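Please read the structure below before turning to the comments.
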Amino acid sequence: MSFTDHEILSRVIKPARYTGNEWNIIIKDHAEVALKFVLAFPDVYEVGQSNLGYRILYHILNKRPNIAAERVYAPWVDMEEQLRQGKLPLTTLETGTPLQEMDIVGFNMQYEMSYTNILNMMDLAGIPLWSGERGVQDPLIIAGGPSVYNPEPLADFIDCFIIGEAEETLLDLADVYIGWKHSGKPGGRTEILQRLSKIQGIYVPAFYDVTYHSDGTIASVAPNREDIPCCIPKRIVKDLDSVDYPTRPIVPYLEIVHDRIMLEIFRGCTRGCRFCQAGMTYRPVRERSVTKLKQLVQELVDNTGYQEVSLTSLSSSDYSCLRELVTSLSDDFRDQGVSFSLPSLRIDSFSIELAQEVQKVRKSGLTFAPEAGTQRMRDVINKGVTEDNLVEAVTSAFQSGWSAVKLYFMIGLPTEVDDDVKGIANLAYKVLDIHYQVARKRTGRVNVSVSSFVPKSHTPFQWVPQDSIAITEEKQRLLASLMRDRRIDFNWHDAKLSYMEGTFARGDRRMSKVLYCAWELGCKFDGWSEHFNFKRWMQAFDETGLDPKFYNERIRQSDEVFPWDHIGTGATKAFLHREYTAALAGTPTADCRRGQCQACGVCPELGAGIVDWGNA
Amino acid sequence: MRLRLQFSKGESVRYISHLDLARVFERAIRRAKLPVAMSEGFNPHMKVAYASALSVGVTSDCEYMDIELREDASAEEMAAALKQQLPAGLKLAEYRLLKQVPKALMAVVNLADYVITVPVQSSTDADQLKILLEQFMTAQSTTFVRRSPKGNRTIDIRPLIDIIKVTSCVTGMATFFLRSFITDKGSVKPQEVMRVLVEQYGLPLLSDNPLVHRSALYVQREGALLSPIDVIR
């Protein structure tokens with residue numbers, strides 16, 4: 001290490017973000033691999049290193065002896081300043097290699113408001129941002145992750161997107177790339193993209209042309225060359241027990257956001273909440289078996305030294321054999337001092353019982369997500385939870401010794417009226433009353449977290465307008481005025497940030513100009529309130545002549561062609577529209593997992609099925 | 001029974017904090033399955049203790065820790081198991097089982113040696129630096145204000161320093177040797193010493209971020225310098 005490096009690292013906060021060498025890091029000799037891959041995460045180390053998908057892909061790629069998969073995170077602004085001042089390129093943590101010298105850079109699309117960081121990282125690496133300006137000497141830029149189901153705002157920057165779960169697709173991509181590289185990269189970038197487009201689950205945006213109507217809506221999205229599919233269905237792992245799971249995850253030096261073992265107990269959720277993009281895009285439900293999970297926990301504990309295991313999924317209390325799993329894990333691991341947590345509980349007393357089982361000692365917070373304040377509103381969003389469920393759950397929690405609960409809500413849901421907003425405050429007071437009835441003292445606490453609904457692609461609410469900033473802020477003021485009790489801690493999201501998120505969530509290719517312009521104006525780390533600068537974003541819209549209202553505040557026609565229609569989640573547009581109609585009528589739709597099939601289309605389209613060990 | 005360890009913190013873990021380091025050892029001890037004693041209570045923690053915290057950015061040859069054991073075990077076997085679980089950059093050197101409860105490491109260690117490397121003008125020579133260091137050593141006192149979130153404190157660093165000298169000064173890089181006292185009332189960081197020397201004695205250093213390496217920690221007893229491992233021999 002040079003003295004210059006030391007000086008740079010001495011000037012930034014948390015220098016260990018940039019120095020790697022953690023336990024279980026995998027460092028390979030570049031002379032001995034066929035492919036140098038970078039997993040790039042557009043946020044700081046502590047956020048990126050916590051991401052389970054990112055951990056899985058690091059493991060899957062590095063398991064191949066001929067692939068070196070290395071990591072890079074968005075440098076915090078202090079480090080960026082040092083890099084730019086010293087004219088130093090962004091490098092990988094494993095080998096300190098500049099990104100420009102790697103073969104493939106894969107970005108994680110975690111969240112719409114991290115897109116500026118993707119551009120900024122490419123710029124710091126000296127890689128041309130627009131895919132059309134990159135040559136054969138530049139790395140291939142790919143992207144995937146939860147927000148890939150509307151990839152269009154990034155379409156002009158990314159060479160290809162991984163649609164769906166990447167465990168298998170990424171290895172196929174690696175093989176094709178290695179073949180092309182070994183034969184001397186014939187045909188340049190067009191040729192590799194052509195070859196990659198043959199892989200199921202890979203979307204090459206440059207091979208599609210978008211045409212528009214005079215009102216700005218899309219007329220068509222069509223392939224612009226032969227042999228390119230008109231729709232790209234997502235790819236999934238059909239059997240989670242058979243796919244590799246990282247049992248030697250990196251154990252960071254720094255304390256990260258999720259500083260524990262994350263055990264993914266199942267994937268997918270079929271509850272069918274109509275606002276929830278993950279609920280639609282991760283279908284079908286596929287569980288890991290109890291046997292497999294127990295084996296994974298032992299390996300993970302042995303290989304990491306962590307003592308806390310989070311049993312993660314979209315809705316952990318829906319794991320069919322949860323009681324068996326929790327009881328046997330608690331029994332097996334008590335002597336080793338290992339504890340378990342269930343991060344996403346349903347609102348019922350069964351969940352409280354389980355929470356008690358896993359949290360025998362520490363009565364830390366309990367979190368519930370009623371999502372909406374009135375039954376009418378919950379019926380609209382198909383959140384199959386009643387006020388009675390909540391009353392039962394919090395009563396049981398307070399009786400078991402908890403004194404604080406956290407409640408998650410959304411405002412701005414379709415058809416919402418003032419009474420629905422007020423309903424949130426009413427529920428908060430109700431929870432406090434229940435605490436008083438149980439505990440007979442006024443020591444109860446309720447944390448009310450209210451986010452602003454952002455309509456997302458591939459959901460039944462992809463047609464609905466998003467509340468304007470003014471309306472959202474009005475609703476937030478109303479709630480604040482109703483919840484002045486000091487036992488209520490009320491948190492809300494920045495309306496402006498949610499509004500920007502909305503423009504990208506349902507944005508089209510033209511949004512890439514806004515993104516580029518905003519980045520040029522200095523936007524980055526937009527998800528961090530201290531860096532989000534709404535004025536610059538509005539300036540970017542102004543300068544590119546686009547109107548955020550077009551993306552957010554318009555009711556879309558039922559037959560409108562969407563920018564993401566050619567990206568397939570398996571759930572058909574007809575199913576989503578049926579759900580939209582049912583929402584407006586306040587009609588619930590049952591979970592298909594054990595009940596009637598709701599014909600969303602996922603299982604036949606993907607040739608997959610529900611994996612439910614409790615029903616086996 | 002306690003296991004006293006000496007380990008080094010090398011280049012690849014230079015920038016981790018003392019808290020990070022403590023977490024590394026906790027996890028390594030767990031992976032190595034050492035029979036470590038745990039505290040009672042709702043939130044049990046390992047009974048381990050360190051001699052002295054090391055700042056972010058500082059390497060060392062001579063860190064010490066005590067691990068309290070809940071049962072007897074072979075020191076050799078424990079050390080071998082732990083060695084396999086330490087990340088690159090942390091190396092176990094010496095170790096010794098303590099049958100009796102020793103005084104806390106933190107309470108007995110009272111002297112620290114540092115090697116400090118920092119760029120200077122290529123025209124600067126060792127004699128120039130020596131003169132300035134002598135001025136500092138002969139002065140009655142040299143105070144500076146240590147700023148912290150808890151408030152500002154004026155500290156006289158002279159009584160905290162036993163030796164400071166130039167050990168080399170070639171091709172624009174100067175190396176210093178510092179021996180400082182660790183007292184009940186506190187100690188001084190090498191970075192603070194260098195800053196004071198620059199600000200108050202005009203030491204011509206080109207960087208305010210010297211490379212600091214701790215080369216020894218001692219128990220000074222009746223004039224003799226003992227390592228914390230030797231103390232219990």
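Condition (residue is farther than 24 Å from residue A:217 by Cβ, of a type in the set (A, V, I, L, M) and in a loop (DSSP other than H, G, I, E, B)) applied to region A:557-575: is it met by at least one residue?
First, pick out the residues of region A:557-575 that are farther than 24 Å from residue A:217 by Cβ: A:570.
If we keep only those that are of a type in the set (A, V, I, L, M) too, we end up with none.
No, region A:557-575 has no match at all.
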Inset, instruction - For residue B:172, work out the one condition from (1) within 14 Å of another protein chain (Cβ to nearest Cβ); (2) touching an Asp or Glu at 6+ places or on another chain (Cβ under 7 Å) it doesn't fulfil. - result: (2)
Inset, instruction - All but one of (1) away from chain B (no Cβ under 14 Å); (2) buried (at least 16 other Cβ atoms within 10 Å of the Cβ); (3) part of a loop (DSSP other than H, G, I, E, B); (4) of a type outside the set (Phe, Trp, Tyr) hold for residue A:263, so report the exception by its number. - result: (3)
Inset, instruction - From B:129, B:178, B:105, B:133, grab the single residue that is farther than 21 Å from residue B:209 by Cβ, more than 14 Å from chain A (Cβ to nearest Cβ) and buried (at least 16 other Cβ atoms within 10 Å of the Cβ). - result: B:105
Legend entry - Failed item in (1) more than 29 Å from residue A:6 (Cα to Cα); (2) among the polar types (S, T, N, Q); (3) out of contact with any helix residue (DSSP H, G or I) (no Cβ under 6 Å at 6 or more places or on another chain), with residue A:92 passing the rest: (1)
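With within 14 Å of chain B (Cβ to nearest Cβ), surrounded by fewer than 19 Cβ atoms within 10 Å (Cβ to Cβ) and over 28 Å from residue A:239 (Cβ atoms) as the only criterion, which of A:298, A:356, A:307 stands out?
A:307
Condition check ((1) buried (at least 18 other Cβ atoms within 10 Å of the Cβ); (2) out of contact with any Pro (no Cβ under 9 Å at 6 or more places or on another chain)) across all residues:
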{"residue": "A:476", "(1), (2)": "yes, yes"}
{"residue": "A:479", "(1), (2)": "yes, yes"}
{"residue": "A:495", "(1), (2)": "yes, yes"}
{"residue": "A:498", "(1), (2)": "yes, yes"}
{"residue": "A:515", "(1), (2)": "yes, no"}
{"residue": "A:529", "(1), (2)": "no, yes"}
{"residue": "A:554", "(1), (2)": "yes, no"}
{"residue": "A:566", "(1), (2)": "yes, no"}
{"residue": "A:570", "(1), (2)": "yes, no"}
Legend entry - Condition broken by residue B:52, with the remaining ones in (1) within 12 Å of chain A (Cβ to nearest Cβ); (2) outside any helix (DSSP H, G or I); (3) touching a residue at least 60 places away in the same chain (Cβ under 8 Å); (4) hydroxyl-bearing (Ser, Thr, Tyr) satisfied: (1)
Legend entry - Number of the condition not met by residue A:528 [criteria: (1) without any contact (Cβ under 8 Å) to a residue 24 or more places away in the chain; (2) under 23 Å from the mean Cα position of the chain (by Cα); (3) part of a helix (DSSP H, G or I)]: (3)
Legend entry - Residues of region A:15-33 classified as in contact with a strand residue (DSSP E or B) (Cβ under 7 Å, 6 or more places away or on another chain), more than 14 Å from chain B (Cβ to nearest Cβ) and in a loop (DSSP other than H, G, I, E, B), total: 2
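For the subset of region A:34-63 comprising residues that are in a strand (DSSP E or B) and among the hydrophobic types (A, V, I, L, M, F, W, C), which member is surrounded by the fewest Cβ atoms within 10 Å (Cβ to Cβ)?
Let us first name the residues in region A:34-63 that are in a strand (DSSP E or B), namely A:35-41.
When the remaining residues are screened for being among the hydrophobic types (A, V, I, L, M, F, W, C), the result is A:35, A:37-41.
Values: A:35: 19, A:37: 28, A:38: 27, A:39: 26, A:40: 29, A:41: 26.
Top of the filtered list is A:35.
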Inset, instruction - Please determine, by comparing only the residues of region A:210-260 that are assigned to a loop (DSSP other than H, G, I, E, B) and polar (S, T, N, Q), which one is farthest from the other protein chains (Cβ to nearest Cβ). - result: A:214
Legend entry - Among (1) crowded, with 17+ Cβ neighbours inside 10 Å; (2) in a loop (DSSP other than H, G, I, E, B); (3) modelled with pLDDT of 95 or more, the one test that residue A:385 misses: (3)
Legend entry - region A:274-295, subset in a helix (DSSP H, G or I) and of a type in the set (A, V, I, L, M), residue surrounded by the most Cβ atoms within 10 Å (Cβ to Cβ): A:280
Legend entry - Residue under evaluation residue B:232, criteria (1) modelled with pLDDT of 95 or more; (2) outside the structural domain of residue B:140 (by TED's automatic domain parsing), criterion not met: (1)
Legend entry - Residue ID - nearest to residue A:21 (Cα to Cα), chosen from residues in region B:1-47 that are buried (at least 19 other Cβ atoms within 10 Å of the Cβ) and away from every other protein chain (no Cβ under 13 Å): B:7
Inset, instruction - Quick one: residue B:2 ticks every box in (1) of a type in the set (D, E, K, R); (2) more than 23 Å from residue B:210 (Cβ to Cβ); (3) at pLDDT 95 or above except a single one, so which number is it? - result: (3)
Legend entry - Of all residues making up region A:65-87, the number that are in a loop (DSSP other than H, G, I, E, B), in contact (Cβ under 8 Å) with a residue 60 or more places away in the chain and farther than 22 Å from residue A:536 by Cβ: 2
Inset, instruction - Give me a count of the residues in region A:310-350 that are farther than 23 Å from residue A:402 by Cα and within 14 Å of another protein chain (Cβ to nearest Cβ). - result: 3
Inset, instruction - Only residues in region A:1-13 that are within 16 Å of residue A:76 (Cα to Cα) and at the interface with another protein chain (Cβ under 9 Å from one of its Cβ atoms) count as the first member; pair them with residues that are in a loop (DSSP other than H, G, I, E, B) and of a type in the set (Phe, Trp, Tyr), Cβ under 8 angstrom, at least 6 apart or cross-chain, and list the lot. - result: A:9/B:15
Inset, instruction - Would you mind telling me which numbered condition in (1) in a helix (DSSP H, G or I); (2) surrounded by 15 or more Cβ atoms within 10 Å (Cβ to Cβ); (3) free of Cβ contacts under 8 Å to residues at least 60 places away in the same chain residue A:546 fails? - result: (1)
Inset, instruction - Kindly provide the set of residues from region A:534-552 that are more than 15 Å from residue A:512 (Cα to Cα) and out of contact with any Gly (no Cβ under 7 Å at 6 or more places or on another chain), ordered by number. - result: A:534, A:535, A:549
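Can residue A:446 be described as over 22 Å from residue A:381 (Cα atoms), outside any helix (DSSP H, G or I) and among the hydrophobic types (A, V, I, L, M, F, W, C)? Walk me through how you get there before you give the answer.
Working: over 22 Å from residue A:381 (Cα atoms): yes; outside any helix (DSSP H, G or I): yes; among the hydrophobic types (A, V, I, L, M, F, W, C): yes.
Criteria met by residue A:446.
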Legend entry - Verdict on residue B:118 being within 14 Å of chain A (Cβ to nearest Cβ), farther than 22 Å from residue B:6 by Cβ and not in a loop (DSSP other than H, G, I, E, B): yes
Inset, instruction - Count, please, the residues in region B:199-226 that happen to be out of contact with any helix residue (DSSP H, G or I) (no Cβ under 7 Å at 6 or more places or on another chain) and crowded, with 18+ Cβ neighbours inside 10 Å. - result: 4
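Has region B:83-93 got at least one residue that is away from chain A (no Cβ under 14 Å) and either in a strand (DSSP E or B) or under 24 Å from residue B:20 (Cα atoms) (or both)? Break it down stepwise before answering.
Within region B:83-93, the subset away from chain A (no Cβ under 14 Å) is B:92-93.
Checking the rest, the ones that are also either in a strand (DSSP E or B) or under 24 Å from residue B:20 (Cα atoms) (or both) come to B:92-93.
Within region B:83-93 (the criterion being away from chain A (no Cβ under 14 Å) and either in a strand (DSSP E or B) or under 24 Å from residue B:20 (Cα atoms) (or both)), the answer is yes, since at least one residue qualifies.
The rows are residues; the columns are (1) over 27 Å from residue B:93 (Cβ atoms); (2) over 21 Å from the mean Cα position of the chain (by Cα); (3) away from chain A (no Cβ under 14 Å); (4) part of a helix (DSSP H, G or I).
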{"position": "B:137", "(1), (2), (3), (4)": "yes, yes, yes, yes"}
{"position": "B:141", "(1), (2), (3), (4)": "yes, yes, yes, no"}
{"position": "B:152", "(1), (2), (3), (4)": "yes, yes, yes, no"}
{"position": "B:188", "(1), (2), (3), (4)": "no, no, yes, no"}
{"position": "B:195", "(1), (2), (3), (4)": "yes, no, no, yes"}
{"position": "B:200", "(1), (2), (3), (4)": "yes, yes, yes, yes"}
{"position": "B:216", "(1), (2), (3), (4)": "no, no, yes, no"}
{"position": "B:231", "(1), (2), (3), (4)": "no, no, yes, yes"}
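The values are calculated or read from the model by the stated rules, or taken from the named source; none is laboratory data. In this text the structure is predicted, and so the values were computed from the model without any measurement. Using ideal geometry, Cβ is built from the backbone for each residue, glycine included, and neighbour counts are taken over all protein chains shown.
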